[in-house]
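Below you'll find the structure, written out as structure tokens, and then a few comments.
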Amino acid sequence: MNVSHASVHPVEDPPPATATQVENHPPRVRMDDIEGMPGTLLGVALRFFQFFFAAASLSVMASTSDFPSVTAFCYLVAATGLQSLWSLALAAVDVYAIMVKRSLQNRRLVSVFAIGDGVTSTLTFAAACASAGITVLIDNDLNSCSQNHCVQFETSTALAFISWFAALPSFLFNFWSLASR
């Protein structure tokens with residue numbers, strides 16, 4: 001009775017086992033499809049929100065003419081660009097898995113998702129924190145918002161934080177599913 005090949009075959013109910021098979025070979029434990037994990041509707045929703053807020057943060061920051069003069073803002077553009085591409089790619093994988101009714105609960109695949117989510121969410125959080133620090137410096141300490149695009153900088157930073165906040169549950173669900181195996 002081989003139960004776990006969900007990334008290749010649809011999840012099926014195993015055939016009923018006889019009493020001698022149960023005593024000799026107990027059934028393997030299968031990962032549960034908890035909402036928010038890859039291949040679920042909540043997982044697709046989380047990926048969509050990650051993509052939307054990261055792309056919005058990228059667009060708002062890139063629309064200013066003087067963001068390249070600050071390294072933290074360039075880092076925010078790079079991090080949100082990576083976050084938006086990662087989230088869009090995984091949203092496409094999730095939608096495909098839902099459409100063909102396949103489970104994405106393969107240990108290797110979930111490991112790749114967990115590592116990718118961890119890296120991209122950490123980069124996005126670090127970039128948002130750095131940009132927030134520069135924005136506070138420009139606004140409060142230097143009092144030079146009249147000469148800069150402070151509203152766009154603040155908006156882009158806030159959107160990056162929201163994107164990170166949407167990415168965190170994806171990482172935690174994937175990491176938790178690996179730890180529970």
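The values are calculated or read from the model by the stated rules, or taken from the named source; none is laboratory data. These numbers were taken from a predicted model, which means no experiment stands behind them. Neighbour counts are summed over all protein chains in view; Cβ atoms, including those assigned to glycine, are modelled from backbone coordinates with ideal geometry. Accessible surface is based on the protein model in full, side chains and every heavy atom, while ligands, DNA and RNA are left aside. Shrake-Rupley method; radii C 1.70, N 1.55, O 1.52, S 1.80 Å.
Residues that are without any contact (Cβ under 8 Å) to a residue 12 or more places away in the chain and within 18 Å of PHE125 (Cα to Cα) were ranked within region 73-110; the one that is most open to solvent (accessible area, probe 1.4 Å) is LEU85.
Just one of the numbered conditions (1) surrounded by fewer than 14 Cβ atoms within 10 Å (Cβ to Cβ); (2) within 23 Å of TRP176 (Cα to Cα) is not true of VAL151: (2).
Name the residues in region 42-72 that are out of contact with any strand residue (DSSP E or B) (no Cβ under 7 Å at 6 or more places or on another chain) and more than 22 Å from CYS150 (Cα to Cα), would you? Selection gives VAL44, ALA45, LEU46, ARG47, PHE48, PHE49, GLN50, PHE51.
For every residue, the table says whether it meets (1) modelled with pLDDT of 95 or more; (2) open to solvent by less than 80 Å² (accessible area, probe 1.4 Å); (3) part of a helix (DSSP H, G or I).
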| residue | (1), (2), (3) |
| --- | --- |
| VAL112 | no, no, yes |
| ALA126 | yes, yes, yes |
| ALA130 | yes, yes, yes |
| ILE138 | no, yes, yes |
| SER146 | no, no, yes |
| ALA158 | yes, yes, yes |
| ILE162 | yes, yes, yes |
| PHE165 | yes, no, yes |
| PRO169 | no, yes, yes |
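For region 131-168, a residue qualifies if it is within 20 Å of the chain's Cα centre (by Cα) and aliphatic (A, V, I, L, M), and the qualifying residues are ALA158, LEU159, ALA160, ILE162, ALA166, ALA167, LEU168.
In the set (1) farther than 19 Å from PHE53 by Cα; (2) of a type in the set (A, V, I, L, M, F, W, C); (3) assigned to a helix (DSSP H, G or I), LEU104 fails one condition alone, (3).
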